[in-house]
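The values are calculated or read from the model by the stated rules, or taken from the named source; none is laboratory data. For clarity, every value in this text was computed on a predicted model and none was experimentally measured. Neighbour counts run over all protein chains shown; Cβ positions are idealised from the backbone, glycine included.
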Amino acid sequence: MRIDETLTGAERKAALCMLLDQETQLLASIGRHKLEADAENREKFIQDFLEKVGTESPSRQVSYFHQILTDLKILTLAHSAANLQ
């Protein structure tokens, strides 16, 4: 429905408020899904790391751990930058 073209006065205002409420609910839902996905991805990342470290020699573990820390710093910076936008 084209609110501005078909409604006026109180009906228009009520329709715009309902649309705003729907948008707010959708954005909140998207935010919740993103948080859940981030948590799942973080858990998978940790599990993959622990499995990888458990199968490597100690010297490779240190090297791999250093790479993971570097990757985490980059991901954290990217995530922080995305949240600022």
Hey, can you tell me all the residues within the range 17-36 that are touching a residue at least 12 places away in the same chain (Cβ under 8 Å) and either among the β-branched types (V, I, T) or more than 30 Å from A82 (Cβ to Cβ) (or both)?
none
So which of S59, S63 is loosely packed, with under 10 Cβ neighbours inside 10 Å and either at pLDDT 85 or above or of a type outside the set (D, E, K, R) (or both)?
S59
